[in-house]
Amino acid sequence: MSIRLDHISLAYGTRTLLSDVSATFTQGSLTALIGRNGTGKSTLLRAIAGLGPIASGGVELCRRSLTELTPQQRAATVSFVTTDKVRIANLACEDVVALGRAPYTNWIGRLQEEDRKIVEHSLRLVGMSDFARKTMDRMSDGECQRVMIARALAQNTPVILLDEPTAFLDLPNRYELATLLQRLARDEGKCILFSTHDLDIALTLCDVVTLIDTPQLHTLPADEMVQSGYLERLFSGKSACFDPETRSVRLR
Amino acid sequence: MSRHALLFTLLVLLTAALFIGDLAVGSVDIPLPEVWNALCGGDCDPTYRTIILKIRLLKALTALLAGSALAASGLEMQTLFRNPLAGPYVLGISSGASLGVALFLLGAPLLGVAGHSFVQSLGIAGAAWVGSALVLAIVMAVSRRIKDIMVILILGMMFSSGVSSVVEILQYLSNEAALKSFVIWSMGSLGDVTGSRLLLMLPSVAAGLVLAIAVIKPLNLLLLGENYARTMGLNIQRTRTLIFLSTVLLAGTVTAFCGPVGFIGLAVPHLARMIFSAADHRILMPASMLVGAALLLVCDLLAKTLALPINTITALMGIPVVIFVVIRNRNIF
């Protein structure tokens, strides 16, 4: 029970996004958060990360209430890969990843030998060791996304959240990234929750799929989600609909 | 790291050389051995000794303090607002301080408050702190709502224009003596800093610099943006407050005692980034302080040699850097 949502309600301005929803996401599992545009995927992730307000109810991370955690303790429990673009000249990849050690370093951020090993290991896990000394302003979107994930890994948290990590990536890179997340969840025992619009990735590579069906949240194992009928209802428009046979959206 | 160590050593030596040079050059050129003797208490012409210890030493120390103060506050602003064109002058913080000083220098005589020089210094400093704090508070409040860089810059520019008009109205209403002291102040000068003023300036700037060093790690986290910084354990409210205090102490104090010195705060952090090719504030903060001190000493030397007000020189030196930044450095944040 790495993440527990306990009867939470979320709103964006005056609009209710989620009302009285509960769910749990366990350690070692990869969960995709899906939903139509504007249904509150980012708002939910931000709330779990402690960045946004929760109208009512509570979030528990590793059995501790989010509100009880100090910023420092929260940073050691949950890391977040946002959609913010980070392209800083003169800042090498390994420096960005090293910033992930912030919750554990002293007042000026001095890295100890152990911190350096963790930074190196994190870069290796995402397959970016060769880029350690390169600066991020000269890298592709896919490479930058991997470095930001390495930064989250260096933060050494049981819970990792990612907001649309596959957006802006080409098709092969999307699958690469999703497989990377799958591996991190299984091998490193992380609880990974990411939002995405890629239905096929969510349904084929993730253990659990959680779907925002305003104002409810349906959380089911991927296979059951395919059979549930929720997807046909939510992802059908005038020109396309969800087909459970192929697990993808096809034209009518 | 050794390259950085070498660069730091060179910068320290350069700053020291400029400092000595600043003591030697002036309306009377004093030979270097005499400068050395005057400083170390050796054998020296008493006139030279007086010039150096009573006048030029104060001025050079002021340049050292003001340069590092403006540069440090500029670096803090650039990272906090994630804006390569931010600086105490551009954001209107110096203008806020100017308005405070104008109200004090032009307004106090109208009210019949005139007094002891230390009281007056304190009044100028206080007025500048209040003025810069007000502007900074407004800029920070607006920047929380509106993320657009241009809006913040335009706001700063509008502030500066608004302040100039208010100051012009004040000048129109003021008597000749008050007007003169204000006009001289507004041209910017390191020479007006007397011993008693330096006593007020030194601890204020030192406190601001200590705060600037204390926020080095938060500034590094802010490089990735506020969201990332917060998820890495940054207490954003505390950081904002510390940066706020630091900037008011640094930019406000310098503006109070040296007049509105423009472009140093904006240009120096970029020079530091170029010289060290670094983004890490553990390098950039001390580097900006040193480059700022060195650059203002150079400006002072030029101002003395050409007999021009110092803020014309800083503008001439700073503007090319700004243009360079606009054209080339798009990827600082």
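The values are calculated or read from the model by the stated rules, or taken from the named source; none is laboratory data. Every value quoted in this text rests on a predicted model; they were computed, and no experiment measured them. Here Cβ is always computed from backbone atoms with ideal geometry, including for glycine, and neighbour counts include all displayed protein chains.
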Failed criterion for B:Ala229 (all others in (1) of a type in the set (Gly, Ala, Ser); (2) within 19 Å of B:Val135 (Cα to Cα); (3) part of a helix (DSSP H, G or I) hold): (2)
From the options B:Ser246, B:Ser181, residue that is surrounded by fewer than 18 Cβ atoms within 10 Å (Cβ to Cβ) and more than 14 Å from chain A (Cβ to nearest Cβ): B:Ser181
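Residues checked against (1) more than 14 Å from chain B (Cβ to nearest Cβ); (2) surrounded by fewer than 19 Cβ atoms within 10 Å (Cβ to Cβ):
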position	(1), (2)
A:Asp6	yes, yes
A:Ser9	yes, yes
A:Thr31	yes, no
A:Ile34	yes, no
A:Leu44	yes, no
A:Gly58	yes, yes
A:Ala92	no, no
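Taking the stretch A:62-77 as the region of interest, how many residues are over 20 Å from A:Ile212 (Cβ atoms) and either surrounded by 15 or more Cβ atoms within 10 Å (Cβ to Cβ) or within 14 Å of another protein chain (Cβ to nearest Cβ) (or both)? Give the steps one after another, and end with the answer.
Just the residues of the stretch A:62-77 that are over 20 Å from A:Ile212 (Cβ atoms), to begin with: A:62-65, A:67-77.
Then drop every residue that is not either surrounded by 15 or more Cβ atoms within 10 Å (Cβ to Cβ) or within 14 Å of another protein chain (Cβ to nearest Cβ) (or both), which leaves A:62, A:69-77.
Here the count works out to 10.
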Test: residue in the stretch A:122-138 that is more than 9 Å from chain B (Cβ to nearest Cβ), in a loop (DSSP other than H, G, I, E, B) and β-branched (Val, Ile, Thr): yes
Subset of the stretch A:101-111 (residues that are touching a residue at least 40 places away in the same chain (Cβ under 8 Å) and more than 7 Å from every other protein chain (Cβ to nearest Cβ)): A:Arg101, A:Tyr104
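Tell me which residues, restricted to the stretch B:217-226, are within 7 Å of chain A (Cβ to nearest Cβ) and either among the charged types (D, E, K, R) or buried (at least 18 other Cβ atoms within 10 Å of the Cβ) (or both). Lay out the reasoning, then the answer.
Keep residues of the stretch B:217-226 that are within 7 Å of chain A (Cβ to nearest Cβ), which gives B:217, B:220-221, B:223-225.
The answer is B:Lys217, B:Asn220, B:Leu221, B:Leu223, B:Leu224.
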Filter result for the condition that a residue is surrounded by fewer than 17 Cβ atoms within 10 Å (Cβ to Cβ), at pLDDT 85 or above and assigned to a helix (DSSP H, G or I), over B:Pro286, B:Pro320: B:Pro320
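Got a sec? Which of B:Gly259, B:Gly233 is touching a Ser or Thr at 6+ places or on another chain (Cβ under 9 Å), closer than 28 Å to A:Arg133 by Cβ and not hydrophobic (A, V, I, L, M, F, W, C)? Reasoning before the result, please.
Numbers: B:Gly259 fails: closer than 28 Å to A:Arg133 by Cβ.
After ruling out the rest, the residue left standing is B:Gly233.
It is to be established whether one or more residues within the stretch B:252-275 are more than 18 Å from B:Phe324 (Cα to Cα), at the interface with chain A (Cβ under 9 Å from one of its Cβ atoms) and among the polar types (S, T, N, Q).
No, because not a single residue in the stretch B:252-275 is more than 18 Å from B:Phe324 (Cα to Cα), at the interface with chain A (Cβ under 9 Å from one of its Cβ atoms) and among the polar types (S, T, N, Q).
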Residue check for A:Val147: within 17 Å of the chain's Cα centre (by Cα), of a type in the set (Val, Ile, Thr) and in a strand (DSSP E or B): no
Criterion (part of a helix (DSSP H, G or I) and either at pLDDT below 90 or over 27 Å from B:Ala214 (Cα atoms) (or both)) met by exactly one of B:Leu75, B:Leu6, B:Leu39: B:Leu39
Test result for A:Arg87, at the interface with chain B (Cβ under 7 Å from one of its Cβ atoms) and either part of a helix (DSSP H, G or I) or modelled with pLDDT under 95 (or both): yes
Output for the stretch A:67-110, where each listed residue is of a type in the set (A, V, I, L, M, F, W, C), farther than 25 Å from B:Met274 by Cα and over 17 Å from the mean Cα position of the chain (by Cα): A:Leu69, A:Ala102, A:Trp107
Which listed residue is without any contact (Cβ under 8 Å) to a residue 60 or more places away in the chain and under 30 Å from A:Asp95 (Cα atoms), from B:Leu39, B:Leu6, B:Leu11: B:Leu6
Meets criteria (under 14 Å from the mean Cα position of the chain (by Cα) and among the aliphatic types (A, V, I, L, M)) for A:Leu220: no
Residue check for B:Leu136: of a type in the set (A, V, I, L, M), in contact (Cβ under 8 Å) with a residue 40 or more places away in the chain and in a helix (DSSP H, G or I): yes
Candidates B:Val254, B:Val261, B:Val248, B:Val268, filtered to the one that is under 26 Å from B:Ser143 (Cα atoms) and assigned to a loop (DSSP other than H, G, I, E, B): B:Val261
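Please determine, by comparing only the residues of the stretch A:90-108 that are closer than 28 Å to A:Leu193 by Cβ and part of a loop (DSSP other than H, G, I, E, B), which one is modelled with the lowest pLDDT.
Filtering the stretch A:90-108 for residues closer than 28 Å to A:Leu193 by Cβ gives A:91, A:93-105.
When the remaining residues are screened for being part of a loop (DSSP other than H, G, I, E, B), the result is A:91, A:100-101, A:105.
Details: A:Leu91: 90, A:Gly100: 96, A:Arg101: 97, A:Thr105: 95.
The residue in question is A:Leu91.
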